[in-house]
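Beneath this line is the structure, given in structure tokens, with notes to follow.
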Amino acid sequence: MKYSADAYATAFWAVYTAHGAKQDAKLIERLTHLLRRTGDIHSADSIVRAIERRAAGAQGGRNVVVEFARQPTPIQLTALRAVMQSHDIIEVRTRPALVAGMRVSINGEYEYDGSLQRKLEKLFG
């Protein structure tokens, strides 16, 4: 990647806030053109996530990453959404290495590790 996802997000957000929401389509078109020109179009997903994180932070929301050992059930997802704020960006990941349980990270900081993997490491490591 020629530039980092955060660099693209910072630039996009600066232009977005300067020109307002009235030019959404044009700004997205220009970003897409820039990504093609720099060869970073394959990283568009991570760039969009970085822009979403910046937007959530600007609105007072948090970036929450929840890692489950297995695919979460609809009940777990509903409970998760119930405790989050409306401006929060929630990313749910499945990570079999956790063995069982879950990990929660808020704004990139480690917050809670309720995984069996951590408990085993504490017990034996």
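The values are calculated or read from the model by the stated rules, or taken from the named source; none is laboratory data. Not measured: the values here are computed from a predicted model. Quick reminder, even Gly has a Cβ in these numbers, built from the backbone with ideal geometry, and neighbours come from all protein chains shown.
Listing for the model above:
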| item | result |
| --- | --- |
| Residue that is surrounded by the fewest Cβ atoms within 10 Å (Cβ to Cβ), among those in region 85-111 that are in contact with a Gly (Cβ under 9 Å, 6 or more places away or on another chain) and within 22 Å of R54 (Cβ to Cβ) | S86 |
| Filter pass, L31 being closer than 26 Å to M1 by Cβ and touching a Phe, Trp or Tyr at 6+ places or on another chain (Cβ under 7 Å) | yes |
| Meets criteria (among the aliphatic types (A, V, I, L, M), surrounded by 14 or more Cβ atoms within 10 Å (Cβ to Cβ), closer than 30 Å to E121 by Cα and at pLDDT below 85) for L27 | no |
| Residue within region 33-43 that is basic (K, R) and either touching a His at 6+ places or on another chain (Cβ under 9 Å) or part of a loop (DSSP other than H, G, I, E, B) (or both) present | no |
| In region 47-90, the residues that are farther than 26 Å from G114 by Cα and in contact with a Phe, Trp or Tyr (Cβ under 9 Å, 6 or more places away or on another chain) | I47, A50, I51, R54, A55, A58 |
| Test: residue in region 67-74 that is outside any strand (DSSP E or B), β-branched (V, I, T), surrounded by fewer than 18 Cβ atoms within 10 Å (Cβ to Cβ) and without any contact (Cβ under 8 Å) to a residue 40 or more places away in the chain | yes |
| Flag if A82 is assigned to a loop (DSSP other than H, G, I, E, B) and aliphatic (A, V, I, L, M) | no |
| Selection status of E91, within 14 Å of the chain's Cα centre (by Cα), of a type in the set (D, E, K, R) and not in a helix (DSSP H, G or I) | yes |
| Conditions (1) under 30 Å from A58 (Cα atoms); (2) hydrophobic (A, V, I, L, M, F, W, C); (3) not in a strand (DSSP E or B): number failed by V104 | (3) |
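Here is a yes/no grid of residues against (1) touching a residue at least 24 places away in the same chain (Cβ under 8 Å); (2) within 30 Å of A18 (Cβ to Cβ); (3) among the basic types (K, R):
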position	(1), (2), (3)
S43	yes, yes, no
S46	yes, yes, no
R54	yes, yes, yes
Q59	yes, yes, no
T78	no, no, no
S86	yes, yes, no
M102	yes, no, no
K122	no, no, yes
